[in-house]
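The values are calculated or read from the model by the stated rules, or taken from the named source; none is laboratory data. Computed from a predicted model, the values in this text were never measured in an experiment. So basically every Cβ, Gly included, is an ideal-geometry build from the backbone, and we count neighbours across all protein chains shown.
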């Protein structure tokens, strides 16, 4: 049977946290509860190009998150975690799409600034849509994360300590999306993503085996 390498999967999992970090590091800090219409208007006026680029990167980073979970799902499928990760993956993808929709909405104040309009009023008009999309996307994403956490918790290939770390980090990752504070959306989410995905990426990078779907088995090292 042909040996399978998971190194492309590992690369996908590695890239998601730095992509999120780059997006939020570039994003101007927004104080208070999101969306803070006044703070957003000032941030856009102070740096329209930075605002636009940060939001493009945020949408791209959300795509990287979806790709990372698709990669992890491929690894789990070959190691007996097919049922729960298969359940969770569609929710992860849809939740990531909704999260990517948020930075798209925040191009409205940028357009207002560029057109000489009222950026704060434009942002305020988005509020009835912004929070439901944020919370709805967070809920859908959380359902998917629970599926992955259950799939990972049922495996024998990671060891109890690493499994516990990843499961807790996944839960924090999902929970951070419910909190409408920039520091939580940005840095807590990034830290949780790193702790959840990088250990999995390391295991995938070092793993290669002949797939036997539906069974639990220990991965063999490729080097």
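What helices (runs of 4 or more DSSP H) lie completely within the stretch 49-168 and have 1 or more residues being under 18 Å from residue 197 (Cβ atoms) and touching a helix residue (DSSP H, G or I) at 6+ places or on another chain (Cβ under 9 Å)? Let's see the steps before the verdict.
Details: elements: 82-105, 107-114, 119-153.
Of the helices (runs of 4 or more DSSP H) lying wholly inside the stretch 49-168, those with at least 1 residues that are under 18 Å from residue 197 (Cβ atoms) and touching a helix residue (DSSP H, G or I) at 6+ places or on another chain (Cβ under 9 Å) span 82-105, 119-153.
Return yes or no: is residue 102 in contact (Cβ under 8 Å) with a residue 24 or more places away in the chain, under 20 Å from the mean Cα position of the chain (by Cα) and closer than 28 Å to residue 27 by Cβ?
Details: in contact (Cβ under 8 Å) with a residue 24 or more places away in the chain: yes; under 20 Å from the mean Cα position of the chain (by Cα): yes; closer than 28 Å to residue 27 by Cβ: yes.
Taking the combined requirement at face value, the residue satisfies it.
Could you tell me which of the residues 186, 136, 159, 147 is under 18 Å from residue 95 (Cα atoms) and either in contact with a strand residue (DSSP E or B) (Cβ under 7 Å, 6 or more places away or on another chain) or loosely packed, with under 15 Cβ neighbours inside 10 Å (or both)?
Numbers: 186 fails: either in contact with a strand residue (DSSP E or B) (Cβ under 7 Å, 6 or more places away or on another chain) or loosely packed, with under 15 Cβ neighbours inside 10 Å (or both); 159 fails: under 18 Å from residue 95 (Cα atoms); 147 fails: either in contact with a strand residue (DSSP E or B) (Cβ under 7 Å, 6 or more places away or on another chain) or loosely packed, with under 15 Cβ neighbours inside 10 Å (or both).
That would be 136, the only listed residue that is under 18 Å from residue 95 (Cα atoms) and either in contact with a strand residue (DSSP E or B) (Cβ under 7 Å, 6 or more places away or on another chain) or loosely packed, with under 15 Cβ neighbours inside 10 Å (or both).
Is it the case that residue 45 is in contact with a helix residue (DSSP H, G or I) (Cβ under 6 Å, 6 or more places away or on another chain), assigned to a helix (DSSP H, G or I) and crowded, with 18+ Cβ neighbours inside 10 Å? It would help to see each step written out before you state the result.
Details: in contact with a helix residue (DSSP H, G or I) (Cβ under 6 Å, 6 or more places away or on another chain): yes; assigned to a helix (DSSP H, G or I): yes; crowded, with 18+ Cβ neighbours inside 10 Å: no.
Spelling it out, it is not the case that residue 45 is in contact with a helix residue (DSSP H, G or I) (Cβ under 6 Å, 6 or more places away or on another chain), assigned to a helix (DSSP H, G or I) and crowded, with 18+ Cβ neighbours inside 10 Å.
Of (1) at pLDDT below 95; (2) under 28 Å from residue 203 (Cα atoms), residue 94 satisfies all except one. Which?
Every condition holds for residue 94 apart from (1).
Please verify whether residue 6 is surrounded by 20 or more Cβ atoms within 10 Å (Cβ to Cβ) and either at pLDDT 95 or above or within 25 Å of residue 143 (Cα to Cα) (or both), treating the condition exactly as stated. Walk me through how you get there before you give the answer.
Details: surrounded by 20 or more Cβ atoms within 10 Å (Cβ to Cβ): yes; either at pLDDT 95 or above or within 25 Å of residue 143 (Cα to Cα) (or both): no.
It is false that residue 6 is surrounded by 20 or more Cβ atoms within 10 Å (Cβ to Cβ) and either at pLDDT 95 or above or within 25 Å of residue 143 (Cα to Cα) (or both).
On the phi < 0 side of the Ramachandran plot, surrounded by 16 or more Cβ atoms within 10 Å (Cβ to Cβ) and touching a strand residue (DSSP E or B) at 6+ places or on another chain (Cβ under 7 Å): does that describe residue 67? Break it down stepwise before answering.
Values: on the phi < 0 side of the Ramachandran plot: yes; surrounded by 16 or more Cβ atoms within 10 Å (Cβ to Cβ): yes; touching a strand residue (DSSP E or B) at 6+ places or on another chain (Cβ under 7 Å): no.
No, not satisfied.
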